[in-house]
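*Asks:* The structure is given below, and queries will be raised subsequently.
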Amino acid sequence: MTTIMEKSDTCIMNTYGRYPAVMVEGKGCILKDIEGREYLDFVAGIAVCGLGHCHPAVTEAVVAQAGKLVHVSNLYYTLPQTELAELLVANSFAGRVFFANSGAEANEGAIKLARKHGGPGRYEIISLEGSFHGRTLATVAATGQAKFHKGFEPLPEGFSHAPFGDLDALERMIGEKTCGILCEPLQGEGGVRPLPRNYLQGIRKLCDKYGLVLMFDEVQVGMGRTGTLFAYEQCGVEPDIMTLAKALGNGMPIGAMLAREEVAGAFAPGDHASTFGGNPVACAAALAVMKIMLAEGFLSSVEKKGQYLAGQLRGVAGKFPELASGVRGMGLIQGLVLTERGAAQGGDMVKRLLGKGVLANFAGGVALRFIPPLIVSEGEIDTMVRCLEEVFAGL
Ligand SMILES: *Cc1c(COP(=O)(O)O)cnc(C)c1O
């Protein structure tokens, strides 16, 4: 194991602080490392493997499509792409889809569409403090956390960040050049922070009042994570544009940008493109994912297990008030909010959990984030919680 880690650390660019584990296999909620150690996975590849590792239906779809046709570009039509787009449109507010390969790329597409729709001179996009929208230059500029900007200035123009939860401040920032507002219905990287329903509804009203497009970044919370296929379904408002990625392909790289028909109409041939976007293999995987998530009972089980997870975490917070102050989240994205003392040890908590064979992570410097595969069982939640209590008891 150490030789692999040493080799990797000499030839891979030094952009990740990695944990000392070389993962070789996965099934359901369990990962196995090269030494045969097993881990209970409450990270799921950062909310990606919604159906768990190596779900047989996804594997089968990938293998079948890879044996038939892997890539032709978007100069031609393909079956999996068409079928996936139809299914996304049929199950959302949107009229059209653009396929990309990642969350950042889907957001880039959303930013370009909002600007094109805004017309000449209307290019400014307001996002929120604490947000995360990706690592390309425009999505870094949209991200409302200074630590992601540092060292990469000058960033593209036309992005500003409104203080979280303050509708008056947001309205004051809207000007002649504003074309849209971009937000996550629940900030994932920012520390598992849901946007209150009335706040989202207020943002929708501002967009309507000033003729702005409302963009929801559902890269992390879309695809069943919150207990509905898309998080916006629980907010009482619809966006004009929505981006998806992480769980869409259960690990196959695919992103999507969805828009209302009228908004999508701002794009004409030549305005935007992606060589790999909507690749048949990635789309076949996403189709398999969607069919499972849309089957009777799947999403309601996410909601139910989410409540169970939140309840168990509240129990932990109750037992260790000096370390944890509360629980917040939706469905199976739950954050255990740490006290100041707890947060100072957040990184250490994650390492100690890893030592006990449980994967979790520390988000936004404020909360332990639990984003297991959506197929997690209550027994697996109990195991994780037992390990977490052992870790807390040892701090
Ligand atoms: C992960 C994430 C992104 C970036 O996705 P990539 O696939 O890493 O480019 C964008 N927005 C949100 C909300 C995310 O969680």
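*Asks:* So who's got an amide H within less than 5 Å of the one on G278, skipping anything under 5 residues away but keeping other chains? H placed 1.01 Å off N, in plane.
*Replies:* Amide H neighbours of G278, under 5 Å, 5+ apart: A100, G255.
*Asks:* Find out how many positive minus negative residues lie around P194, taking Lys and Arg as positive, Asp and Glu as negative, among other residues whose Cβ is under 11 Å from that of P194.
*Replies:* Result for the local shell: +2.
*Asks:* By the scheme Lys and Arg +1, Asp and Glu -1, what is the net charge of all other residues having a beta-carbon under 13 Å from that of Q234? Could the numbers behind the result be given before it?
*Replies:* Values: positive: R197, R225; negative: E218, E233, E238, E303.
Its environment carries a net charge of -2.
*Asks:* Just the accessible area per residue of the chain, please: how many Å² with a 1.4 Å probe?
*Replies:* 44
*Asks:* Going by average Cβ density within 10 Å per residue, which order do the peptides 55-64, 335-344 take, highest to lowest?
*Replies:* 335-344, 55-64
*Asks:* For the chain, what is the calculated [θ] at 222 nm in deg cm²/dmol (nearest 500), taking -39500 (n - 2.57) for each run of four or more DSSP H residues and dividing by its residue count?
*Replies:* On the way: 14 runs with 152 residues, N = 395.
Helix contribution divided over all residues of the chain: -11500 deg cm²/dmol.
*Asks:* Something else now. Along each principal axis of its Cα atoms, how long is the chain end to end? Whole angstroms, biggest number first, please.
*Replies:* Result, largest extent first: 59, 54, 47 Å.
*Asks:* Let me ask something else about it. If you count only protein heavy atoms and use a 1.4 Å probe, how large is the accessible surface of S73, to the nearest 10 Å²?
*Replies:* 30
*Asks:* First select every other residue whose beta carbon is under 13 angstrom from the beta carbon of L359; then total the charges, Lys and Arg +1, Asp and Glu -1. Walk me through the intermediate numbers first.
*Replies:* Details: positive: R18, K32, R37, K351, R352, K356, R369; negative: D33, E38, D41, E380.
Computed value for this residue: +3.
*Asks:* A further question on this structure: Express the carbon and sulfur contribution to the solvent-accessible surface of the stretch 57-294 as a percent, rounded to the nearest whole number, probe 1.4 angstrom.
*Replies:* 56
*Asks:* Hey, another quick one. Kindly rank 5-14, 297-306 from highest to lowest mean number of other beta carbons found within 10 Å of each residue.
*Replies:* Values: 5-14: 9.1, 297-306: 17.0.
Descending packing order for the listed peptides: 297-306, 5-14.
*Asks:* Hey, another quick one. What does the charge dipole of the chain about its Cα centre add up to, to the nearest 20 debye, if the Cβ of each Lys and Arg holds +1 and the Cβ of each Asp and Glu holds -1?
*Replies:* 260
The values are calculated or read from the model by the stated rules, or taken from the named source; none is laboratory data. Just so it is clear, the model here is predicted, and its values are computed rather than measured. Virtual Cβ from ideal backbone geometry, glycine too; neighbours counted across all protein chains shown. The accessibility values were calculated without ligands, DNA or RNA, using every heavy atom of the protein model including side chains. Shrake-Rupley method; radii C 1.70, N 1.55, O 1.52, S 1.80 Å.
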